[in-house]
1. For segment A:80-110, which positions are over 30 Å from A:L31 (Cβ atoms) and touching a Ser or Thr at 6+ places or on another chain (Cβ under 8 Å)?
2. Here are some conditions: (1) of a type outside the set (A, V, I, L, M); (2) open to solvent by 50 Å² or more (accessible area, probe 1.4 Å); (3) touching a residue at least 24 places away in the same chain (Cβ under 8 Å). A:K58 meets all but one. Which one does it not meet?
3. Among A:I92, A:I51, which is out of contact with any strand residue (DSSP E or B) (no Cβ under 7 Å at 6 or more places or on another chain), without any contact (Cβ under 8 Å) to a residue 60 or more places away in the chain and facing chain B (nearest Cβ under 9 Å)?
4. If a residue counts only when it is away from chain A (no Cβ under 14 Å) and in contact (Cβ under 8 Å) with a residue 60 or more places away in the chain, which strands (runs of 3 or more DSSP E) contained entirely in segment B:64-174 have at least 2 such residues?
5. Got a sec? Which of A:L33, A:L20, A:L9 is under 17 Å from B:P155 (Cα atoms) and either open to solvent by less than 70 Å² (accessible area, probe 1.4 Å) or in contact with a Leu (Cβ under 9 Å, 6 or more places away or on another chain) (or both)?
Amino acid sequence: MLGLGVDRLQADINRLLTSLFHQGVLDEQFLQLQQLQDETSPTFVYDVINIYFDESEKLLRSLRLLLMDREFSDYKKIGLHLNQLVGSSSSIGARRVRNVCVAFRSASELNNRPGCLRGLEVVEHEYNYLKNMMHELFQLEQQRLLAAGVRYPM
Amino acid sequence: DSENGVPASFKVPAGVVHKIFSYKSSVIFCCSQERKIRREMADEVPSLAESKLTALVVDDNFVNQTMHHKLLDRLGIQNDVVCNGQEAVDVHCSGRNYDLILMDMEMPILNGIQATKRLREMGIESKIAGVTTRANEGDKKEFMEAGLNDFQEKPLTISKLLSILHRLDFYVQT
């Protein structure tokens, strides 16, 4: 029974990942991230994704504050924040988030405020979707490890 | 499966010459002239069993820092991490030296182009590989002209890192 539980959970994980790749939410860079997890850093994927979430949320909050300011004119700062988001999203294989950040950056380079506001909404939407999917993935992984009798620090 | 911590999928193909190549430097001061003299007095290339490559990751992005640190670790390359070009300059002024520097382009305080120029002016002869997500031809040219030995687009992967090492004549022993 225990084995069947582990197998079922592994199948669920594989299905979720396949779906995320198929939707373009993730790309092959996520596989690179997984490949770096080993016995010396058994929670590497989880740790890196959480660093990504922490940093991204700070940047998104800052972007929203900048754009909500009526006196806003610092498009260069918007660009710098977006460079960070593009870079870190690329590094973890978050393809859709990366792509919408690139589109947002184009609007900022044209000093297009309405375009930036739309861009921010799209980025927030894609980011939240990715975050929800990653949480689901980690929960399944946690359940799988528990079913397999392994302790996984969360 | 893996060997020496390097996953099988990332191993250099069998038959390729493997050797570890590294300089030990006794550089203490920033003065380029003094560095030149000390380098001439430095140890010769150590034996294969003793040599270890060292690297410096220069990047302001925490995700990239973590990834690049781990990639280098995976290839057995001891490495330090700093957050911007100024810190890269400072760490060299403190006497540290590295075989390889992975230099991000866009960073606050001192960017990759400025830091590369400064390090070369200081007489730092380490191999410097520029890494960036923004890679239009103009940016790449300016970065290379600052003193890079190589350039690679992010995101970095094991195979891209191995390409950098191969092009810069560093060989990873498997």
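The values are calculated or read from the model by the stated rules, or taken from the named source; none is laboratory data. In this text the structure is predicted, and so the values were computed from the model without any measurement. Every residue, glycine among them, receives a Cβ derived from its backbone with ideal geometry; neighbour counts consider all protein chains shown. Note: areas computed on protein heavy atoms with side chains; ligands, DNA, RNA excluded. Shrake-Rupley method; radii C 1.70, N 1.55, O 1.52, S 1.80 Å.
1. none
2. Only one criterion in (1) of a type outside the set (A, V, I, L, M); (2) open to solvent by 50 Å² or more (accessible area, probe 1.4 Å); (3) touching a residue at least 24 places away in the same chain (Cβ under 8 Å) is unmet by A:K58, namely (3).
3. Among A:I92, A:I51, only A:I51 is out of contact with any strand residue (DSSP E or B) (no Cβ under 7 Å at 6 or more places or on another chain), without any contact (Cβ under 8 Å) to a residue 60 or more places away in the chain and facing chain B (nearest Cβ under 9 Å).
4. Result: empty, no element qualifies.
5. Just one listed residue meets the conditions, A:L33.
Matching residues to (1) at pLDDT below 95; (2) within 16 Å of the chain's Cα centre (by Cα); (3) acidic (D, E):
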| position | (1), (2), (3) |
| --- | --- |
| B:D104 | no, yes, yes |
| B:G112 | no, yes, no |
| B:A115 | no, yes, no |
| B:E121 | no, no, yes |
| B:K127 | no, yes, no |
| B:T132 | yes, yes, no |
